[in-house]
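Let me begin by presenting the structure, written as structure tokens, before commenting on it.
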Amino acid sequence: MANIDHTNQTKDEKTISLIGKNIHKFRKQKGYTQSELAERLGVKNTTVSNWETGDNNPPADLLGNICDVLGISASELLGLKLSNDEFNSEERRIIKKYRENKAMQHAVKVLLGIDRL
């Protein structure tokens, strides 16, 4: 992917480029093709391609679905750092698994010295 010179871009153009780059990055991390992501979102694969190349921005009503499918937060998609306490996608995945598994919860508490065997 080529480096983009943002010096002559407006703030909106920079945001579109960043959103597209993030969709591309997180799609690849999930191992999805553009067609697979498009199918999961109910859009055409050319639509995903246009987002990733910065030709256009995903509509606001799809942002939540994009985040859900990619397993990321809206702030990750938009490239925003909201606070130091925000979890990254891997941390959220671990927390979700932890919450789903009572035995794991106990094991983690034992490892942390909170509970006993």
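Nearest 0.05, what FRET efficiency do N88 and S49 give at R0 = 25 Å with Cβ-Cβ as r? E between N88 and S49, to the nearest 0.05, is 0.45. The figure for L70 is an accessible area of roughly 10 square angstrom, using a 1.4 Å probe on the protein chains alone.
The values are calculated or read from the model by the stated rules, or taken from the named source; none is laboratory data. Everything quoted here is computed from the prediction, not taken from an experiment. Neighbour counts run over all protein chains shown; Cβ positions are idealised from the backbone, glycine included. Heads up: the accessible areas ignore ligands, DNA and RNA and are worked out on the full protein's heavy atoms, side chains in. Shrake-Rupley method; radii C 1.70, N 1.55, O 1.52, S 1.80 Å.
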